[in-house]
Every structure is written in structure tokens, then in C-alpha cells.
Amino acid sequence: MTPSVKIAPELITLARERGACCDALEWAESQLGCDLGDLATDWRRWVAGNAATPPDVLRALSTDPETDVRYRVAGNAATPPDVLRALSTDPNPYVRRWVADNAATPPNVLWGGE
């Protein structure tokens with residue numbers, strides 16, 4: 001299960017500051033107070049792949065039970081290095097492949113070092 005992250009006004013403000021489109025902002029405002037894990041998989045996929053998604057949300061989505069969500073986190077250039085490191089050992093080879101293809105992945109993660 002995806003760890004609990006609530007859609008809060010601060011999250012919407014951050015999305016606005018990072019250039020989220022009007023439709024996304026309108027949708028997020030309609031979901032205030034919802035838990036991210038309660039959203040449909042399609043929405044979690046979209047959030048996971050969006051460059052404006054805050055690091056805390058990407059961190060939470062990196063443990064999503066859906067492989068499609070995790071691989072989008074793995075391919076997102078905004079994903080923090082520690083999350084990419086964790087995803088580099090994901091049981092699914094497609095997730096690991098996206099980590100390897102992500103230009104933001106630190107070289108030591110690719111080489112298996114610390």
C-alpha cells in the first residue's frame with residue numbers, strides 16, 4: 001500500500017509554483033484532503049511521472065504496489081537520489097531499467113557502490 005500523503009493546499013501551491021497546468025491544479029483542488037494512496041492508479045501514474053511532483057510525494061509513490069507507478073518514479077528526473085538508489089534494487093526489472101536510464105541517477109548507484 002502507498003504510504004499516506006494527503007493532498008493539501010501546500011502541495012497545490014508547490015505544483016502551481018512548479019508550472020503545473022490549469023487542469024491539474026483544478027483537479028488537485030477538487031481532491032483536497034484525499035490520501036494519495038486512495039487515488040486511482042492512472043492518477044498515481046500521472047503524479048509519479050510529473051516533473052513538478054514534490055520529492056516527498058515521489059518518495060511515497062516509490063513504494064506503490066503498482067509497478068507502473070514505481071517505474072514512472074524511477075524515470076522522473078525530479079526523483080531524489082536516495083529514492084533512485086532504493087528503486088535500483090526493485091524486484092521488477094522494468095523499474096531498475098528506468099533507474100538506469102534516468103540521467104539524474106548518481107553514477108555510484110549505477111555501479112552498485114555507495
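The values are calculated or read from the model by the stated rules, or taken from the named source; none is laboratory data. Just so it is clear, the structure is predicted and the values come from calculations on it, not from any experiment. Positions of Cβ are generated from backbone atoms using ideal geometry, with glycine treated the same way; all protein chains shown enter the neighbour counts.
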Among the residues in the range 35-42, are any aliphatic (A, V, I, L, M), modelled with pLDDT of 80 or more and surrounded by fewer than 19 Cβ atoms within 10 Å (Cβ to Cβ)? yes
Is it the case that some residue within the range 21-30 is of a type outside the set (Gly, Ala, Ser), surrounded by 14 or more Cβ atoms within 10 Å (Cβ to Cβ) and under 15 Å from the mean Cα position of the chain (by Cα)? no
Where a residue in the range 51-67 is under 13 Å from Asp38 (Cβ atoms) and its partner, wherever it lies, is assigned to a loop (DSSP other than H, G, I, E, B) and not polar (S, T, N, Q), with Cβ under 6 Å and at least six apart: Ala60/Pro3; Ala60/Val5
Scan the range 44-56 and give yes if some residue there is more than 20 Å from Arg18 (Cβ to Cβ) and surrounded by 14 or more Cβ atoms within 10 Å (Cβ to Cβ), otherwise no. no
Of the residues Val69, Val99, which is in contact with a Lys or Arg (Cβ under 7 Å, 6 or more places away or on another chain) and surrounded by 19 or more Cβ atoms within 10 Å (Cβ to Cβ)? Val69
Restricting attention to helices (runs of 4 or more DSSP H) lying wholly within the range 60-114, give those where 1 or more residues are farther than 24 Å from Leu11 by Cα and among the acidic types (Asp, Glu). 93-101
For the range 63-95, give me each residue that is touching a helix residue (DSSP H, G or I) at 6+ places or on another chain (Cβ under 6 Å) and of a type in the set (Val, Ile, Thr). Val69, Val73, Thr79, Val83, Val95
